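Data block below; observations after.
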Amino acid sequence: MKKRLIYLVILFVSYVSSDFCITQKEHEKWWETNVEKQMETFASWLGGIQAESRITMREYIKNRGYKSVLDIPCGLCTELLGYKADGMDIAYLGIDITEKLITRAQSLGINAIQGSIESIPLPDSYIEVCYARHILEHLDYYELALNELIRVARDEVIVIFFIKPHKADDYICSAIDRGCVLYHNTYNKNKIERFIHGNAKVDTLIWECIGEKEEALHIYLRN
């Protein structure tokens with residue numbers, strides 16, 4: 001695992017040797033401003049390592065034999081805690097747009113960098129799995145993020161929805177909180193599928209229902 005991690009770090013350093021600028025959107029600025037004040041609430045929103053979708057996906061990643069995962073947005077790096085608790089040999093990289101969360105992760109010795117899911121600061125096919133939990137609904141839309149996840153992943157993209165996509169039209173639900181626009185969107189499932197299949201790197205996709213509230217999307221890629 002150490003050799004894989006060193007290799008990933010070397011690739012990353014070579015890729016970002018030029019200046020890299022992060023521009024935050026309004027909903028991303030909200031997290032930077034409020035995350036410290038609401039850390040306990042934030043942790044409860046995310047759920048711990050025993051959250052159903054986390055357990056399900058850890059078991060899935062283990063059974064598939066994956067050894068490297070990009071966790072984006074990584075938040076409190078709960079996925080890494082789950083891998084460690086399960087004794088999994090995973091080269092982990094976390095990315096989050098919120099600088100305070102990255103500073104926290106790095107202070108704990110976690111391999112994490114700042115970046116946007118809509119402009120991931122990594123090379124093409126950089127890592128086996130890109131894992132994105134509870135994020136697409138919070139974006140103004142999903143196309144940029146999905147394209148970036150597909151670009152950076154080598155084998156698979158896993159997206160966990162906390163608002164299950166439905167058969168109706170996209171419902172873009174926005175609200176103003178403390179001067180920032182926040183989103184809780186519900187997307188049309190067929191539209192998501194058409195968009196993903198339009199990417200030449202995609203082989204196939206599968207939906208997996210996880211309990212009443214969550215749904216996983218597995219996007220399998222051509223190597």
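The values are calculated or read from the model by the stated rules, or taken from the named source; none is laboratory data. What you see is a predicted model; the values in this text were computed from it and never measured. Virtual Cβ from ideal backbone geometry, glycine too; neighbours counted across all protein chains shown. Heads up: the accessible areas ignore ligands, DNA and RNA and are worked out on the full protein's heavy atoms, side chains in. Shrake-Rupley method; radii C 1.70, N 1.55, O 1.52, S 1.80 Å.
Annotations
- Global geometry of the stretch 66-223, whether rounded, prolate or oblate, following the gyration tensor of its Cα atoms and the 1.5 cut on a/c: oblate
- Placing unit charges on each Cβ (+1 for Lys and Arg, -1 for Asp and Glu) gives the stretch 123-223 a dipole about its Cα centre, and among G179, H134, P165 the Cα reaching farthest toward its positive end belongs to P165.
- Within the accessible area of the stretch 84-154 (1.4 Å probe), percent carbon and sulfur: 45
- Heavy-atom accessible area per residue - the stretch 28-184, 1.4 Å, Å²: 42
- Ordered from longest to shortest, the equivalent ellipsoid semi-axes for the stretch 88-146 are 20, 15, 11 Å, each the square root of 5 times a Cα gyration tensor eigenvalue.
- Loop-located trypsin sites (Lys or Arg not before Pro) in the stretch 121-185 (DSSP state not H, G, I, E or B) with no more than 11 neighbouring Cβ atoms inside 10 Å: K167, R178.
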